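Undergrad: Got a structure here, written out as C-alpha coordinates. Questions coming.
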Amino acid sequence: MKQEVIAAVDLGSNSFRLIVGRVVGEQIFALDNLKESVRLAAGLSPDKHLDAASQARALAALRKFGERLRGFRADEVRAVATNTLRVAKNAGSFLTEAEAALGFPIEVIAGREEARLIYLGVAHSLPDATRKQLVFDIGGGSTEFIIGRGMEPIVLESLYMGCVSYSLRFFPDGRVDKSAMRAAELAAIRELETIAATYREVGWEQAIASSGSAKAIAEILEMNQFSSGGITRSGVSRLRNELIKAGNVNRLNLVGTRADRLPVLLGGFAILSAAMEALRLDQVNFCDAALRQGVLYDLLGRATHHDLRDTTVETFMRRHGVEAAHATRVANTAVSLLAQAMPAAADPDHVDRRFLMWAARLHEVGLSVAHSSYHKHSAYVLANADMPGFSRKDQARLACLALGHRGKLERVLALPPNPGDLLLILCIRIAVILHRTRDDVPVPALTVTASRKGFEVMAGPQEFENRPLTMALLQEEGAQWEACGMPMRLRIGKQDG
(Lines give C-alpha, C1' and ligand atoms only; values in the text may rest on other atoms or scores of the structure.)
Protein backbone atom coordinates (compact mmCIF):
# COMPACT_ATOMS: atom_id res chain seq x y z
CA MET A 1 0.00 0.00 0.00
CA LYS A 2 1.36 3.41 -0.96
CA GLN A 3 2.36 5.57 1.97
CA GLU A 4 0.68 8.96 2.42
CA VAL A 5 2.70 10.43 5.30
CA ILE A 6 6.37 9.65 5.92
CA ALA A 7 9.05 11.10 8.18
CA ALA A 8 12.82 11.52 8.27
CA VAL A 9 15.08 12.16 11.24
CA ASP A 10 18.56 13.64 10.72
CA LEU A 11 20.93 13.22 13.67
CA GLY A 12 23.49 15.77 12.53
CA SER A 13 26.67 16.77 14.29
CA ASN A 14 25.25 20.22 15.03
CA SER A 15 21.45 19.91 14.93
CA PHE A 16 18.89 17.13 15.07
CA ARG A 17 16.00 17.59 12.65
CA LEU A 18 12.67 15.92 12.03
CA ILE A 19 10.59 16.45 8.91
CA VAL A 20 7.15 14.96 8.30
CA GLY A 21 5.95 15.01 4.72
CA ARG A 22 2.81 14.14 2.79
CA VAL A 23 3.28 12.12 -0.38
CA VAL A 24 1.36 13.41 -3.40
CA GLY A 25 2.22 11.44 -6.52
CA GLU A 26 6.01 11.44 -6.66
CA GLN A 27 6.37 14.67 -4.69
CA ILE A 28 6.61 15.26 -0.95
CA PHE A 29 5.16 18.33 0.75
CA ALA A 30 6.34 19.22 4.25
CA LEU A 31 3.71 19.01 6.98
CA ASP A 32 5.89 19.55 10.04
CA ASN A 33 9.49 20.39 10.93
CA LEU A 34 11.26 20.16 14.27
CA LYS A 35 14.82 21.24 15.02
CA GLU A 36 16.94 20.83 18.14
CA SER A 37 20.41 22.40 18.44
CA VAL A 38 22.16 19.47 20.07
CA ARG A 39 25.83 20.35 19.21
CA LEU A 40 26.70 16.67 19.31
CA ALA A 41 30.16 17.22 17.82
CA ALA A 42 31.00 19.62 20.67
CA GLY A 43 30.74 16.67 23.05
CA LEU A 44 33.32 14.60 21.20
CA SER A 45 36.47 14.27 23.32
CA PRO A 46 40.00 14.14 21.84
CA ASP A 47 39.93 10.35 22.20
CA LYS A 48 36.62 10.25 20.22
CA HIS A 49 34.15 9.57 23.02
CA LEU A 50 30.83 11.37 23.37
CA ASP A 51 30.53 13.02 26.76
CA ALA A 52 27.53 12.61 29.05
CA ALA A 53 26.21 16.14 28.50
CA SER A 54 26.01 15.80 24.71
CA GLN A 55 24.34 12.42 25.04
CA ALA A 56 21.78 13.88 27.44
CA ARG A 57 20.98 16.73 25.00
CA ALA A 58 20.63 14.24 22.17
CA LEU A 59 18.34 11.90 24.08
CA ALA A 60 16.12 14.77 25.20
CA ALA A 61 15.72 15.86 21.58
CA LEU A 62 14.95 12.34 20.40
CA ARG A 63 12.28 11.89 23.07
CA LYS A 64 10.52 14.98 21.66
CA PHE A 65 10.78 13.57 18.15
CA GLY A 66 9.54 10.22 19.43
CA GLU A 67 6.38 11.82 20.77
CA ARG A 68 5.70 13.44 17.39
CA LEU A 69 6.21 10.12 15.61
CA ARG A 70 3.88 8.06 17.76
CA GLY A 71 1.51 6.12 15.56
CA PHE A 72 3.91 5.94 12.61
CA ARG A 73 4.77 2.50 11.25
CA ALA A 74 8.39 1.39 11.01
CA ASP A 75 8.33 1.62 7.20
CA GLU A 76 7.12 5.23 7.37
CA VAL A 77 10.13 6.56 9.27
CA ARG A 78 13.84 6.61 8.46
CA ALA A 79 16.40 7.99 10.91
CA VAL A 80 20.02 8.57 9.90
CA ALA A 81 23.09 9.67 11.84
CA THR A 82 26.13 11.37 10.35
CA ASN A 83 29.77 12.19 11.06
CA THR A 84 29.94 12.41 14.85
CA LEU A 85 28.30 9.03 15.29
CA ARG A 86 30.51 7.63 12.52
CA VAL A 87 33.64 8.43 14.53
CA ALA A 88 32.50 8.21 18.18
CA LYS A 89 33.95 5.10 19.83
CA ASN A 90 31.00 4.81 22.20
CA ALA A 91 28.41 5.30 19.46
CA GLY A 92 27.11 1.74 19.89
CA SER A 93 26.00 2.12 23.49
CA PHE A 94 24.58 5.58 22.80
CA LEU A 95 22.58 4.35 19.80
CA THR A 96 20.88 1.71 21.94
CA GLU A 97 19.51 4.46 24.19
CA ALA A 98 18.84 6.75 21.23
CA GLU A 99 16.70 4.17 19.44
CA ALA A 100 14.73 3.57 22.61
CA ALA A 101 14.13 7.32 22.99
CA LEU A 102 13.09 7.80 19.35
CA GLY A 103 11.18 4.56 19.02
CA PHE A 104 12.71 3.69 15.64
CA PRO A 105 15.98 2.23 14.33
CA ILE A 106 18.81 4.68 13.59
CA GLU A 107 21.21 4.12 10.69
CA VAL A 108 24.75 5.49 10.84
CA ILE A 109 25.41 6.32 7.19
CA ALA A 110 28.78 6.62 5.46
CA GLY A 111 30.04 9.98 4.24
CA ARG A 112 29.38 9.30 0.56
CA GLU A 113 25.92 7.97 1.33
CA GLU A 114 25.27 11.21 3.21
CA ALA A 115 26.48 13.12 0.15
CA ARG A 116 24.15 11.15 -2.13
CA LEU A 117 21.13 11.82 0.08
CA ILE A 118 21.98 15.52 0.34
CA TYR A 119 22.14 15.76 -3.44
CA LEU A 120 18.83 13.90 -3.77
CA GLY A 121 17.16 16.39 -1.44
CA VAL A 122 18.61 19.44 -3.20
CA ALA A 123 17.87 18.12 -6.71
CA HIS A 124 14.20 17.59 -5.88
CA SER A 125 13.88 21.19 -4.74
CA LEU A 126 15.51 22.89 -7.75
CA PRO A 127 13.31 24.53 -10.41
CA ASP A 128 15.60 23.12 -13.12
CA ALA A 129 17.58 20.08 -12.04
CA THR A 130 18.70 19.30 -15.60
CA ARG A 131 21.64 21.66 -15.26
CA LYS A 132 24.98 20.35 -14.07
CA GLN A 133 25.39 21.54 -10.48
CA LEU A 134 27.92 21.54 -7.70
CA VAL A 135 26.26 21.08 -4.32
CA PHE A 136 28.03 21.34 -0.99
CA ASP A 137 26.69 21.03 2.52
CA ILE A 138 28.62 22.25 5.58
CA GLY A 139 27.61 20.05 8.47
CA GLY A 140 28.73 20.06 12.08
CA GLY A 141 31.48 17.49 11.62
CA SER A 142 31.83 16.93 7.87
CA THR A 143 31.23 18.74 4.60
CA GLU A 144 29.88 16.95 1.55
CA PHE A 145 30.63 17.94 -2.05
CA ILE A 146 28.65 16.56 -4.98
CA ILE A 147 28.46 17.27 -8.71
CA GLY A 148 25.37 15.93 -10.42
CA ARG A 149 22.82 16.38 -13.14
CA GLY A 150 19.14 15.70 -12.72
CA MET A 151 18.62 13.23 -9.90
CA GLU A 152 21.94 11.46 -10.46
CA PRO A 153 25.21 12.38 -8.72
CA ILE A 154 28.31 12.19 -10.92
CA VAL A 155 31.02 12.56 -8.27
CA LEU A 156 30.60 12.84 -4.52
CA GLU A 157 32.85 13.11 -1.49
CA SER A 158 32.71 13.75 2.23
CA LEU A 159 35.52 15.73 3.88
CA TYR A 160 36.27 15.66 7.59
CA MET A 161 35.64 19.32 8.41
CA GLY A 162 32.55 20.90 9.93
CA CYS A 163 31.26 24.09 11.47
CA VAL A 164 31.27 22.70 15.03
CA SER A 165 34.70 21.05 14.87
CA TYR A 166 36.31 24.06 13.18
CA SER A 167 34.71 26.56 15.56
CA LEU A 168 36.06 24.65 18.56
CA ARG A 169 39.48 24.11 16.99
CA PHE A 170 40.25 27.56 15.61
CA PHE A 171 37.91 29.96 17.43
CA PRO A 172 37.67 28.97 21.12
CA ASP A 173 35.02 30.93 23.00
CA GLY A 174 34.15 32.76 19.77
CA ARG A 175 37.45 34.66 19.58
CA VAL A 176 38.64 35.58 16.10
CA ASP A 177 41.52 37.52 14.57
CA LYS A 178 43.15 37.61 11.15
CA SER A 179 45.65 34.82 11.84
CA ALA A 180 43.02 32.46 13.32
CA MET A 181 40.71 33.00 10.36
CA ARG A 182 43.47 32.36 7.84
CA ALA A 183 44.60 29.25 9.72
CA ALA A 184 41.07 27.85 9.58
CA GLU A 185 40.69 28.69 5.89
CA LEU A 186 44.05 27.12 5.02
CA ALA A 187 43.17 23.95 6.94
CA ALA A 188 39.96 23.67 4.92
CA ILE A 189 41.80 24.39 1.66
CA ARG A 190 44.22 21.56 2.41
CA GLU A 191 41.25 19.20 2.80
CA LEU A 192 39.76 20.51 -0.45
CA GLU A 193 43.00 19.98 -2.37
CA THR A 194 42.23 16.24 -2.39
CA ILE A 195 39.18 16.81 -4.63
CA ALA A 196 39.53 20.28 -6.19
CA ALA A 197 41.33 19.30 -9.41
CA THR A 198 38.95 16.42 -10.14
CA TYR A 199 35.89 18.52 -9.45
CA ARG A 200 37.07 21.40 -11.63
CA GLU A 201 37.75 18.92 -14.43
CA VAL A 202 34.21 17.50 -14.20
CA GLY A 203 32.84 21.05 -14.08
CA TRP A 204 29.41 22.51 -13.25
CA GLU A 205 26.99 25.16 -14.41
CA GLN A 206 25.86 26.45 -11.03
CA ALA A 207 27.05 26.14 -7.44
CA ILE A 208 24.59 25.55 -4.61
CA ALA A 209 25.20 25.49 -0.85
CA SER A 210 22.80 23.79 1.54
CA SER A 211 22.97 23.68 5.36
CA GLY A 212 22.38 25.99 8.28
CA SER A 213 25.82 27.60 7.92
CA ALA A 214 25.21 28.59 4.30
CA LYS A 215 21.73 29.86 5.16
CA ALA A 216 23.02 32.00 8.06
CA ILE A 217 25.80 33.49 5.93
CA ALA A 218 23.50 34.17 2.95
CA GLU A 219 21.01 35.95 5.21
CA ILE A 220 23.70 38.13 6.80
CA LEU A 221 25.15 39.08 3.41
CA GLU A 222 21.80 40.04 1.94
CA MET A 223 20.33 41.77 4.99
CA ASN A 224 23.45 43.91 5.39
CA GLN A 225 23.64 44.57 1.64
CA PHE A 226 27.04 42.87 1.38
CA SER A 227 25.60 40.90 -1.53
CA SER A 228 22.66 41.54 -3.84
CA GLY A 229 21.97 37.87 -4.50
CA GLY A 230 23.25 34.68 -2.99
CA ILE A 231 26.77 34.30 -1.59
CA THR A 232 29.45 36.19 -3.51
CA ARG A 233 33.24 36.46 -3.18
CA SER A 234 32.99 40.19 -2.50
CA GLY A 235 30.29 39.66 0.11
CA VAL A 236 32.34 36.96 1.85
CA SER A 237 35.33 39.32 1.92
CA ARG A 238 33.28 42.07 3.56
CA LEU A 239 31.85 39.67 6.15
CA ARG A 240 35.36 38.37 6.94
CA ASN A 241 36.47 41.93 7.68
CA GLU A 242 33.49 42.48 9.98
CA LEU A 243 34.14 39.24 11.87
CA ILE A 244 37.80 40.10 12.44
CA LYS A 245 36.93 43.68 13.42
CA ALA A 246 34.49 42.38 16.05
CA GLY A 247 37.23 40.22 17.62
CA ASN A 248 34.62 37.87 19.02
CA VAL A 249 31.58 36.47 17.25
CA ASN A 250 29.43 37.36 20.27
CA ARG A 251 30.19 41.03 19.66
CA LEU A 252 29.22 40.91 15.98
CA ASN A 253 26.78 43.75 15.35
CA LEU A 254 25.16 42.87 12.04
CA VAL A 255 21.55 42.52 11.00
CA GLY A 256 20.46 38.91 10.62
CA THR A 257 22.79 37.26 13.11
CA ARG A 258 20.92 34.61 15.08
CA ALA A 259 21.90 33.66 18.59
CA ASP A 260 21.46 29.94 17.94
CA ARG A 261 23.91 30.12 15.01
CA LEU A 262 26.65 32.24 16.58
CA PRO A 263 28.55 29.38 18.30
CA VAL A 264 29.30 27.73 14.94
CA LEU A 265 29.24 30.71 12.56
CA LEU A 266 33.02 31.19 12.41
CA GLY A 267 33.81 27.58 11.59
CA GLY A 268 31.11 27.46 8.93
CA PHE A 269 32.28 30.74 7.43
CA ALA A 270 35.91 29.57 7.21
CA ILE A 271 34.89 26.38 5.38
CA LEU A 272 32.58 28.22 2.98
CA SER A 273 35.24 30.83 2.26
CA ALA A 274 37.82 28.10 1.63
CA ALA A 275 35.45 26.24 -0.70
CA MET A 276 34.92 29.36 -2.79
CA GLU A 277 38.68 29.91 -2.98
CA ALA A 278 39.71 26.31 -3.72
CA LEU A 279 36.94 25.69 -6.25
CA ARG A 280 37.17 29.22 -7.73
CA LEU A 281 33.55 30.08 -7.09
CA ASP A 282 32.42 33.65 -7.64
CA GLN A 283 28.82 33.06 -6.59
CA VAL A 284 26.98 30.38 -4.67
CA ASN A 285 23.20 30.09 -4.39
CA PHE A 286 21.56 28.80 -1.23
CA CYS A 287 19.08 25.91 -1.17
CA ASP A 288 17.08 25.14 1.95
CA ALA A 289 16.69 21.42 1.14
CA ALA A 290 19.34 19.03 2.38
CA LEU A 291 19.85 15.62 3.97
CA ARG A 292 16.45 15.21 5.62
CA GLN A 293 14.60 15.89 2.34
CA GLY A 294 16.88 13.43 0.57
CA VAL A 295 16.10 10.80 3.19
CA LEU A 296 12.38 11.36 2.59
CA TYR A 297 12.70 10.94 -1.18
CA ASP A 298 14.88 7.88 -0.73
CA LEU A 299 12.26 6.43 1.61
CA LEU A 300 9.56 7.23 -0.95
CA GLY A 301 11.60 5.40 -3.57
CA ARG A 302 11.71 2.31 -1.39
CA ALA A 303 7.96 2.47 -0.83
CA THR A 304 7.23 2.79 -4.56
CA HIS A 305 9.67 0.02 -5.53
CA HIS A 306 12.38 2.30 -6.89
CA ASP A 307 14.79 1.15 -4.21
CA LEU A 308 18.34 2.29 -4.87
CA ARG A 309 19.60 -0.73 -2.96
CA ASP A 310 18.38 -3.00 -5.77
CA THR A 311 20.36 -0.94 -8.27
CA THR A 312 23.43 -1.09 -6.04
CA VAL A 313 23.22 -4.88 -5.83
CA GLU A 314 22.96 -5.13 -9.62
CA THR A 315 25.96 -2.82 -10.00
CA PHE A 316 28.06 -4.85 -7.57
CA MET A 317 27.19 -8.08 -9.35
CA ARG A 318 28.43 -6.65 -12.64
CA ARG A 319 31.48 -4.97 -11.12
CA HIS A 320 32.65 -8.16 -9.42
CA GLY A 321 31.75 -10.52 -12.24
CA VAL A 322 29.18 -12.50 -10.25
CA GLU A 323 27.65 -15.41 -12.19
CA ALA A 324 24.15 -13.96 -12.21
CA ALA A 325 22.25 -17.16 -13.10
CA HIS A 326 23.80 -19.12 -10.24
CA ALA A 327 23.37 -16.27 -7.74
CA THR A 328 19.71 -15.93 -8.72
CA ARG A 329 19.08 -19.68 -8.27
CA VAL A 330 20.66 -19.58 -4.81
CA ALA A 331 18.69 -16.48 -3.88
CA ASN A 332 15.35 -17.91 -5.03
CA THR A 333 15.88 -21.15 -3.14
CA ALA A 334 17.04 -19.34 0.00
CA VAL A 335 13.99 -17.05 0.16
CA SER A 336 11.69 -20.01 -0.59
CA LEU A 337 13.12 -21.85 2.42
CA LEU A 338 12.77 -18.69 4.53
CA ALA A 339 9.11 -18.29 3.60
CA GLN A 340 8.42 -21.87 4.80
CA ALA A 341 9.92 -21.21 8.22
CA MET A 342 8.65 -17.63 8.42
CA PRO A 343 5.37 -17.25 6.50
CA ALA A 344 5.47 -13.45 6.74
CA ALA A 345 8.58 -13.56 4.53
CA ALA A 346 6.42 -14.66 1.61
CA ASP A 347 5.75 -10.91 1.18
CA PRO A 348 8.28 -9.61 -1.39
CA ASP A 349 8.70 -6.44 0.71
CA HIS A 350 9.47 -8.27 3.97
CA VAL A 351 12.74 -6.83 5.25
CA ASP A 352 14.33 -10.19 6.13
CA ARG A 353 13.43 -11.60 2.72
CA ARG A 354 14.99 -8.59 0.99
CA PHE A 355 18.24 -8.83 2.96
CA LEU A 356 18.48 -12.58 2.31
CA MET A 357 17.86 -11.99 -1.41
CA TRP A 358 20.54 -9.27 -1.58
CA ALA A 359 23.06 -11.33 0.40
CA ALA A 360 22.47 -14.41 -1.74
CA ARG A 361 22.93 -12.44 -4.94
CA LEU A 362 26.17 -10.95 -3.59
CA HIS A 363 27.59 -13.94 -1.72
CA GLU A 364 30.22 -14.61 -4.40
CA VAL A 365 31.58 -11.08 -4.92
CA GLY A 366 34.72 -12.22 -3.09
CA LEU A 367 35.60 -14.52 -6.00
CA SER A 368 36.83 -11.39 -7.79
CA VAL A 369 39.58 -11.21 -5.15
CA ALA A 370 40.54 -14.88 -4.77
CA HIS A 371 38.87 -18.29 -4.77
CA SER A 372 40.51 -19.38 -1.54
CA SER A 373 38.35 -18.27 1.42
CA TYR A 374 36.32 -16.16 -0.98
CA HIS A 375 33.45 -15.91 1.53
CA LYS A 376 35.77 -13.88 3.79
CA HIS A 377 36.61 -11.58 0.88
CA SER A 378 32.89 -11.22 0.13
CA ALA A 379 32.23 -10.21 3.72
CA TYR A 380 35.06 -7.67 3.68
CA VAL A 381 33.87 -6.07 0.44
CA LEU A 382 30.27 -5.82 1.60
CA ALA A 383 31.26 -4.37 4.98
CA ASN A 384 33.67 -1.73 3.67
CA ALA A 385 32.73 -0.71 0.12
CA ASP A 386 30.62 2.36 -0.66
CA MET A 387 27.17 0.90 -1.28
CA PRO A 388 24.63 3.65 -2.09
CA GLY A 389 21.33 3.14 -0.27
CA PHE A 390 22.79 0.87 2.41
CA SER A 391 23.73 2.12 5.86
CA ARG A 392 26.83 0.79 7.62
CA LYS A 393 24.53 -1.32 9.79
CA ASP A 394 22.89 -2.72 6.64
CA GLN A 395 26.30 -3.51 5.18
CA ALA A 396 27.40 -5.26 8.36
CA ARG A 397 24.30 -7.44 8.13
CA LEU A 398 25.00 -8.30 4.48
CA ALA A 399 28.61 -9.06 5.36
CA CYS A 400 27.55 -11.41 8.16
CA LEU A 401 25.20 -13.32 5.85
CA ALA A 402 27.85 -13.54 3.12
CA LEU A 403 30.48 -14.75 5.58
CA GLY A 404 28.09 -17.35 6.93
CA HIS A 405 27.01 -18.87 3.61
CA ARG A 406 29.79 -21.50 3.80
CA GLY A 407 32.70 -22.61 5.94
CA LYS A 408 32.86 -22.94 9.69
CA LEU A 409 29.61 -21.91 11.29
CA GLU A 410 31.31 -21.10 14.59
CA ARG A 411 33.20 -18.26 12.90
CA VAL A 412 30.08 -16.33 11.95
CA LEU A 413 28.25 -17.12 15.20
CA ALA A 414 31.17 -15.60 17.10
CA LEU A 415 30.43 -12.14 15.60
CA PRO A 416 27.58 -12.53 16.79
CA PRO A 417 24.79 -12.07 14.20
CA ASN A 418 21.35 -10.75 15.08
CA PRO A 419 19.37 -13.63 16.63
CA GLY A 420 16.82 -13.46 13.81
CA ASP A 421 19.56 -13.84 11.22
CA LEU A 422 20.36 -17.41 12.29
CA LEU A 423 17.42 -18.58 10.20
CA LEU A 424 18.62 -16.51 7.23
CA ILE A 425 22.11 -18.00 7.57
CA LEU A 426 20.64 -21.51 7.64
CA CYS A 427 18.59 -20.81 4.50
CA ILE A 428 21.50 -19.43 2.48
CA ARG A 429 23.80 -22.26 3.59
CA ILE A 430 21.28 -24.91 2.54
CA ALA A 431 20.61 -23.12 -0.75
CA VAL A 432 24.34 -23.07 -1.54
CA ILE A 433 24.58 -26.82 -0.80
CA LEU A 434 21.59 -27.61 -3.00
CA HIS A 435 23.02 -25.63 -5.92
CA ARG A 436 26.58 -26.90 -5.65
CA THR A 437 26.46 -28.27 -9.21
CA ARG A 438 25.74 -24.73 -10.51
CA ASP A 439 23.24 -25.91 -13.12
CA ASP A 440 19.49 -25.84 -13.78
CA VAL A 441 18.84 -29.37 -12.52
CA PRO A 442 15.90 -29.29 -10.05
CA VAL A 443 17.01 -29.43 -6.43
CA PRO A 444 15.49 -31.61 -3.69
CA ALA A 445 12.24 -30.29 -2.26
CA LEU A 446 12.85 -29.46 1.39
CA THR A 447 10.69 -28.07 4.15
CA VAL A 448 12.26 -25.91 6.87
CA THR A 449 10.75 -25.18 10.26
CA ALA A 450 12.24 -23.16 13.11
CA SER A 451 11.74 -23.05 16.86
CA ARG A 452 13.61 -21.70 19.85
CA LYS A 453 15.36 -25.05 20.19
CA GLY A 454 16.70 -25.19 16.65
CA PHE A 455 15.73 -26.05 13.09
CA GLU A 456 14.26 -29.02 11.30
CA VAL A 457 14.78 -29.77 7.61
CA MET A 458 12.46 -32.39 6.16
CA ALA A 459 12.31 -34.20 2.81
CA GLY A 460 10.67 -37.22 1.26
CA PRO A 461 12.90 -40.31 0.83
CA GLN A 462 12.82 -39.96 -2.96
CA GLU A 463 14.43 -36.51 -2.84
CA PHE A 464 17.91 -37.92 -2.18
CA GLU A 465 17.93 -40.80 -4.61
CA ASN A 466 21.26 -40.62 -6.48
CA ARG A 467 22.27 -37.61 -4.38
CA PRO A 468 24.74 -39.02 -1.86
CA LEU A 469 26.91 -35.86 -1.89
CA THR A 470 23.98 -33.55 -1.09
CA MET A 471 22.84 -35.90 1.68
CA ALA A 472 26.33 -35.99 3.18
CA LEU A 473 26.70 -32.19 3.03
CA LEU A 474 23.36 -31.64 4.76
CA GLN A 475 24.30 -34.12 7.47
CA GLU A 476 27.61 -32.27 7.99
CA GLU A 477 25.60 -29.07 8.19
CA GLY A 478 23.43 -30.55 10.91
CA ALA A 479 26.53 -31.55 12.87
CA GLN A 480 27.88 -27.99 12.69
CA TRP A 481 24.65 -26.49 14.04
CA GLU A 482 24.53 -29.15 16.76
CA ALA A 483 28.07 -28.28 17.86
CA CYS A 484 27.10 -24.60 18.09
CA GLY A 485 24.10 -25.27 20.29
CA MET A 486 21.41 -24.72 17.65
CA PRO A 487 20.56 -28.23 16.39
CA MET A 488 19.48 -28.72 12.80
CA ARG A 489 17.76 -32.08 12.36
CA LEU A 490 17.52 -33.57 8.89
CA ARG A 491 14.43 -35.81 8.61
CA ILE A 492 13.97 -38.05 5.58
CA GLY A 493 10.44 -39.39 5.38
CA LYS A 494 9.69 -40.93 8.79
CA GLN A 495 13.31 -41.67 9.58
CA ASP A 496 15.87 -39.37 11.13
CA GLY A 497 18.78 -38.53 8.83
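The values are calculated or read from the model by the stated rules, or taken from the named source; none is laboratory data. Predicted, not measured: the structure shown is a model, and the values here were computed from it. Note that each Cβ is placed from the backbone with ideal geometry, even for glycine, and that neighbours are counted across all protein chains shown.
Undergrad: Of all residues in the range 407-458, count the ones that are in contact (Cβ under 8 Å) with a residue 60 or more places away in the chain and of a type outside the set (D, E, K, R).
TA: Final tally of qualifying residues: 21.
Undergrad: Here is a further query. Just one of 361, 397 is under 19 Å from residue 325 (Cα atoms), buried (at least 19 other Cβ atoms within 10 Å of the Cβ), at pLDDT 90 or above and assigned by TED's automatic domain parsing to the domain that holds residue 482; which is it?
TA: 361
Undergrad: Within the group 157, 193, which residue is surrounded by fewer than 24 Cβ atoms within 10 Å (Cβ to Cβ), within 20 Å of the chain's Cα centre (by Cα) and acidic (Asp, Glu)?
TA: Numbers: 193 fails: within 20 Å of the chain's Cα centre (by Cα).
Testing whether each residue is surrounded by fewer than 24 Cβ atoms within 10 Å (Cβ to Cβ), within 20 Å of the chain's Cα centre (by Cα) and acidic (Asp, Glu) leaves just 157.
Undergrad: Taking the condition of being of a type in the set (Val, Ile, Thr), more than 26 Å from residue 474 (Cβ to Cβ) and part of a helix (DSSP H, G or I), how many residues in the range 369-416 meet it?
TA: Of all residues in the range 369-416, those of a type in the set (Val, Ile, Thr) come to 369, 381, 412.
Subsequent filtering for residues that are more than 26 Å from residue 474 (Cβ to Cβ) retains 369, 381.
Within this subset, residues satisfying the condition of being part of a helix (DSSP H, G or I) are 381.
Here the count works out to 1.
Undergrad: If you go through the range 36-66 one residue at a time, how many are outside any helix (DSSP H, G or I) and loosely packed, with under 12 Cβ neighbours inside 10 Å?
TA: Summing the residues that are outside any helix (DSSP H, G or I) and loosely packed, with under 12 Cβ neighbours inside 10 Å in the range 36-66 gives 2.
Undergrad: Right, here's the next one. Within the range 24-39, identify whether any single residue is free of Cβ contacts under 8 Å to residues at least 12 places away in the same chain and of a type in the set (A, V, I, L, M), and answer yes or no.
TA: For the range 24-39, residues free of Cβ contacts under 8 Å to residues at least 12 places away in the same chain and of a type in the set (A, V, I, L, M): present.
Undergrad: Could you tell me whether the range 67-86 includes any residue that is in a helix (DSSP H, G or I) and more than 30 Å from residue 152 (Cβ to Cβ)? Can you show your working first?
TA: So the first thing to find is which residues in the range 67-86 are in a helix (DSSP H, G or I), and the list is 67-68, 74-76, 83-86.
Filter once more, keeping what is more than 30 Å from residue 152 (Cβ to Cβ): 67-68.
Yes - at least one qualifying residue is present in the range 67-86.
Undergrad: In the set 95, 62, 102, 44, which member is within 15 Å of the chain's Cα centre (by Cα), over 28 Å from residue 129 (Cα atoms) and not β-branched (Val, Ile, Thr)?
TA: 95
Undergrad: Among the residues of the range 412-457, how many are of a type in the set (A, V, I, L, M, F, W, C) and over 19 Å from residue 330 (Cα atoms)?
TA: 6
Undergrad: Residue check: is residue 414 among the aliphatic types (A, V, I, L, M) and crowded, with 21+ Cβ neighbours inside 10 Å? Even if it seems obvious, please write down each step before you answer.
TA: Values: among the aliphatic types (A, V, I, L, M): yes; crowded, with 21+ Cβ neighbours inside 10 Å: no.
Considered against the rule, which asks whether it is among the aliphatic types (A, V, I, L, M) and crowded, with 21+ Cβ neighbours inside 10 Å, residue 414 comes out as no.
Undergrad: Something else: Working only within the range 144-162, note down all residues that are closer than 13 Å to residue 210 by Cα and in contact with a helix residue (DSSP H, G or I) (Cβ under 6 Å, 6 or more places away or on another chain).
TA: Residues satisfying the conditions are 144, 146.
Undergrad: Check whether at least one residue in the range 337-357 is assigned to a helix (DSSP H, G or I), more than 30 Å from residue 117 (Cβ to Cβ) and in contact with a Cys (Cβ under 7 Å, 6 or more places away or on another chain), and report yes or no.
TA: Yes, that holds for at least one residue.
Undergrad: If you don't mind, there's one more thing I want to ask. Of everything in the range 121-145, what is part of a helix (DSSP H, G or I) and closer than 15 Å to residue 80 by Cα? Give them in sequence order.
TA: Of everything in the range 121-145, just one residue is part of a helix (DSSP H, G or I) and closer than 15 Å to residue 80 by Cα, namely 121.
Undergrad: Suppose the filter is surrounded by 14 or more Cβ atoms within 10 Å (Cβ to Cβ) and touching an Asp or Glu at 6+ places or on another chain (Cβ under 6 Å); does residue 227 pass it?
TA: The answer is no for residue 227.
Undergrad: From 315, 311, grab the single residue that is out of contact with any strand residue (DSSP E or B) (no Cβ under 9 Å at 6 or more places or on another chain), in contact (Cβ under 8 Å) with a residue 24 or more places away in the chain and hydroxyl-bearing (Ser, Thr, Tyr).
TA: One residue alone meets the criteria, 311.
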